[in-house]
Amino acid sequence: MGTQGGLMVVTQAGLMVVVQPGLMVVVQAGLMIVVQAGLIIVTQARLMFVVQAGLMVVVQAELMVVVQAGLVVVAQAGLMVVIKAGLMVVTQAGLMVVIQAGLMVVVQAGLMVLTQAGLMVVAQAGLMVVAQARLLVVVQAGLVVVVQAGLIVVAQAGLMVVIQAGLMVVAQAGLMVVVQAGLMVVAQVGLVVVVQAGLMVVAQAGLMVVIQAGLMVVIQPGLMVVAHLSYGLVW
């Protein structure tokens, strides 16, 4: 043991302790401990442990852990995990995962997946899919598809198709087609065509034609023509 000017050094069988006002260093068989003004540093082999004023850092090989006031950061070989107040962020090689209060967001190479309380949103290269309960929405390059409880709606570039319980409606640029249980209705710029169980009705600008079971009736302002396969024309 030796002392000099406030410095004290103690050595014993591989142990060395150095004490100086506000500083203490302990060295033994690859282990070193440094204590100074609230700072503690411990090193051994490939491990380093640092503690100071609520901050703790642990480094070992390729692993680093940082803890401070509810914040935890873990980093290892390209992987980083950050945890703070219910929030967790994980990043690794282009992948990022964020988790907070039932919300999870995954981002990787242009793909994003979001899930929360039964809601899922997937987005990738112009494609977006939203799913929730019994609702599904798909959006891609001007195309929108909505599916919900037996209802299907497709919309694209002025075209809309609606399908529900045997009913189909197609609408496009002034044209509308309705199909349901043997009934078909076509409407386009003043023209209406109705087809049902052998009956066909055509109406356009003051003209109406009715065809059913061999009977044809033509009605036009001031004119009515009735024709039957069995009897010919009846005026």
- Of the residues that make up segment 115-131, is at least one part of a strand (DSSP E or B), under 30 Å from Val67 (Cα atoms) and not assigned by TED's automatic domain parsing to the domain that holds Ala205? yes
- Meets criteria (assigned to a strand (DSSP E or B) and modelled with pLDDT under 95) for Ile219: yes
- Message: Cβ contacts < 7 Å: first residue more than 21 Å from Met104 (Cβ to Cβ), restricted to segment 68-84; second residue assigned to a loop (DSSP other than H, G, I, E, B) and of a type in the set (Asp, Glu), any location; separation 6+ or different chain. Result?
- Response: Gln76/Glu62; Ala77/Glu62
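The values are calculated or read from the model by the stated rules, or taken from the named source; none is laboratory data. Computed from a predicted model, the values in this text were never measured in an experiment. With ideal geometry, Cβ positions are generated from the backbone for all residues, glycine too; neighbour counts draw on all protein chains shown.
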